[in-house]
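These notes concern the structure reproduced below.
The values are calculated or read from the model by the stated rules, or taken from the named source; none is laboratory data. Note that this is a predicted model, so its numbers are computed, not measured. Virtual Cβ from ideal backbone geometry, glycine too; neighbours counted across all protein chains shown.
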Amino acid sequence: METYLLAWNPKRWQWEDLARMSQQVKNGNFMSIRWSCGRSKRIKKGDRVFFIRLGEEPRGIFASGIVLADSCKDEHWDAVRAAMGGTAMYVEVWLDALLNPETDTIIPRELLDGELFSAMHWDTQMSGISIPSRVASELEKVWAAFSAGRSLMLAEEIEDDAIIYEGAVRRISVNAYERNPKARQKCIDYYGASCVVCGFDFRVAYGGVGDGFIHVHHLKQLSKVGEQYKVDPIRDMRPVCPNCHAIIHRRNPAYSIEEVLIVCFPDRALRKSAACSITSEYLE
């Protein structure tokens, strides 16, 4: 999975129904949009995208999503260029977060000048440029707080005993089954350290430093489980990458793994494998 930047300049195109769409996404409704990706033919189904507003304030990152189909060519979005036979590449995007820059706090353009994001050219004149993987990883951490409408907290500011959950940093008392390292390891030993949703493997992407790194998702909502509940690592837990974990928790109650598979990775949803052995009995 690659990550790309899609640009929006209000001076060139007015997004008339942005406020309505933003509210729909916040309400947990499925919303998709077709967006120009310049001349890029590299964007594929399942890739991650971020939207940046440029041209006028407020400038910055305001939306994110998952690509539903490979990029394709069509008539140019600009009427004048279209009349001259111009074309452009487009992608269909499932919006998992959409903030309204006129009313919501977005990631300000100035923040992207920091050292963590310096490897990326943000003031692009063209959509569809690739975001380096390490920059994308840091952007995901910061974006989680903004897309949830919470205060910004960078990863290095999060204390060890805090838990990142549903896009916000929240200090809570945890039961043993939530952070039981033995249960977590049993889950990983059984399913492997690659994401059961998208298949991402940190070792493949980052080498030895990523070996064994993965989030573990509880299929049963923790808020509905009593203190006497005994976790079954094989039945109740699945390894998922941070991106898919964030998508799962974009709604309350959370999306099931099956739902995310069907919408974002239909080909994987059809496969039968030990790593993705999911039954409705254990899906919320």
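Which of (1) out of contact with any helix residue (DSSP H, G or I) (no Cβ under 7 Å at 6 or more places or on another chain); (2) modelled with pLDDT of 85 or more; (3) surrounded by fewer than 19 Cβ atoms within 10 Å (Cβ to Cβ); (4) assigned to a loop (DSSP other than H, G, I, E, B) is the odd one out, the single condition D161 does not satisfy? Among (1) out of contact with any helix residue (DSSP H, G or I) (no Cβ under 7 Å at 6 or more places or on another chain); (2) modelled with pLDDT of 85 or more; (3) surrounded by fewer than 19 Cβ atoms within 10 Å (Cβ to Cβ); (4) assigned to a loop (DSSP other than H, G, I, E, B), D161 violates only (2).
Please work out if W77 is modelled with pLDDT of 85 or more and aromatic (F, W, Y). No; evaluated as a whole, the condition is false for this residue. The test for being touching a residue at least 40 places away in the same chain (Cβ under 8 Å), farther than 27 Å from R134 by Cβ and in contact with a Phe, Trp or Tyr (Cβ under 8 Å, 6 or more places away or on another chain) holds for F30. Exactly one residue among E57, E92 is modelled with pLDDT of 80 or more, part of a loop (DSSP other than H, G, I, E, B) and outside the structural domain of A254 (by TED's automatic domain parsing), and that residue is E57. I'm trying to understand the selection: among the residues of region 232-244, which are modelled with pLDDT under 85 and buried (at least 21 other Cβ atoms within 10 Å of the Cβ)? Result: N243, single match.
Checking each residue in region 60-72 for being surrounded by 21 or more Cβ atoms within 10 Å (Cβ to Cβ) and in a loop (DSSP other than H, G, I, E, B) picks out only S71.
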